[in-house]
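K.L.:
So that we are looking at the same thing, I have put the structure below in structure tokens.
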Amino acid sequence: MQTLITGATGQVGSAVLDALLRAGHEVTALVRTPQKAEALALRGVRPLVGDLAVPSTYSDVASEVDAIVHVAFDARAGETLDRISIDTLIAAATRRAASGQPASLVYTSGTWVIGDTLEPAGEDTPLAPPDLMAWRPGHEQLVLGAATAGLRTIVVRPGTVYGGARGLIADMLKEAANGLVRVVGKGKNHWPCVYERDLADLYVRLLASPDSSGIYHANDEADERVSDIVDAIVRHSRAKPDVRHMPLPEARAKLGPLAEALVLDQRIRSARAKALGWTPTLRSVAGNVARLVEEFRDARAAA
Ligand SMILES: NC(=O)c1ccc[n+]([C@@H]2O[C@H](COP(=O)([O-])OP(=O)(O)OC[C@H]3O[C@@H](n4cnc5c(N)ncnc54)[C@H](OP(=O)(O)O)[C@@H]3O)[C@@H](O)[C@H]2O)c1
């Protein structure tokens, strides 16, 4: 399958790229610099140097591939850049489908769109996103609404991604090694989490299952509280770090709207992914801290 991926140098996208290559996809990756293009070309990827903000740099290629996997994200450009990207990618995939060639478009969202959950949330749970992600359900709907007989559209909602040296869990490992882990609020809230390689496997599975479409949650269903994760990291750390609970008003002042997302209390179920045969190989953060520390060190050494 010929597949275009955006965000292949990021935390989620690099794992998805690895999985696509392992599965035998012919991958084109949109990257922003010739240096990144060179590094990916060495791995057998066809690099496309461009920028999501400039549709002419990728819209033609996007209309020539069997599948588009949109993972790129820029927190500073947020909604605006994501809207340009999905408008361009939807138009490209629609052109391809209209010419009689089947196309697939996978959009990466996240479980934050769901908001706090009173009980374990499935893919059809009504959404109540925090301010930071208030725009995202609309983008999910644009992607889902673009489906036609020849164009299948998929939205993946990962939980907090763990593994490697990037992301919220890796930040905690880094803080622990430096002697102080900061937690927003009391840490009694649940975070749905997913191991990056398991998440990547889901993307491959979705592309390989012609009948899959619609929304797919991706988390390990461990229902871990933030404090479970932090306690396990502290227990494992040689630095014997302190833990500082930052009151929400202070976190709001320091982190802005991200603070509200970090205190979401979410228990999420990934029934639709599991129905495809997707089984996470890692089933919690706390139970895998030793391995995650090793991966963190390896990823930092390789960077
Ligand atoms: N990480 C998580 O825990 C998590 C959880 C749930 C959902 N998600 C969602 O997954 C998506 C990816 O997140 P991530 O954590 O992997 O982000 P990330 O590590 O920050 O990676 C972002 C990627 O987007 C690329 N990018 C940014 N702006 C671009 C532009 N203008 N043109 C082309 N490429 C651009 C970056 O390329 P450069 O290398 O050039 O910067 C990088 O490859 C986001 O939508 C996020 O909300 C992530």
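K.L.:
Enumerate the helices (runs of 4 or more DSSP H) found wholly within the range 10-102, keeping only those where 1 or more residues are more than 9 Å from the ligand (Cβ to nearest atom) and under 30 Å from Ala149 (Cβ atoms).
P.N.:
Because the criterion is at least 1 residues that are more than 9 Å from the ligand (Cβ to nearest atom) and under 30 Å from Ala149 (Cβ atoms), the helices (runs of 4 or more DSSP H) in the range 10-102 that meet it are 11-22, 59-62, 78-98.
K.L.:
Which residue out of Glu221, Glu260 is among the charged types (D, E, K, R), within 16 Å of the ligand (Cβ to nearest atom) and under 14 Å from Ser284 (Cβ atoms)?
P.N.:
Glu221
K.L.:
With in contact (Cβ under 8 Å) with a residue 60 or more places away in the chain, away from the ligand (no atom under 14 Å from the Cβ) and surrounded by fewer than 21 Cβ atoms within 10 Å (Cβ to Cβ) as the only criterion, which of Ala147, Ala128 stands out?
P.N.:
When all the criteria are applied, what remains is Ala147.
K.L.:
Kindly provide the set of residues from the range 139-176 that are part of a strand (DSSP E or B) and over 12 Å from the mean Cα position of the chain (by Cα), ordered by number.
P.N.:
Leu151, Arg152, Thr153, Ile154
K.L.:
Are there helices (runs of 4 or more DSSP H) fully within the range 181-296 with at least 3 residues that are under 20 Å from the mean Cα position of the chain (by Cα)? List them. Walk me through how you get there before you give the answer.
P.N.:
Details: elements: 196-208, 226-236, 248-255, 258-262, 271-275.
Counting at least 3 such residues, we get 196-208, 258-262, 271-275.
K.L.:
Taking the condition within 16 Å of the chain's Cα centre (by Cα), of a type outside the set (A, V, I, L, M, F, W, C) and over 22 Å from Asp201 (Cα atoms), does Arg76 pass?
P.N.:
no
K.L.:
Here is a further query. Count, please, the residues in the range 259-275 that happen to be touching a residue at least 24 places away in the same chain (Cβ under 8 Å) and within 21 Å of Leu199 (Cβ to Cβ).
P.N.:
11
K.L.:
Is it the case that Ser99 is farther than 25 Å from Leu255 by Cα and surrounded by fewer than 16 Cβ atoms within 10 Å (Cβ to Cβ)?
P.N.:
So Ser99 fits the description; yes.
Values in this text are rule-based calculations from the coordinates and carry no lab data. The structure displayed is predicted, hence computed values, not measured ones. All Cβ positions, glycine included, derive from the backbone under ideal geometry; neighbour counts span all protein chains shown.
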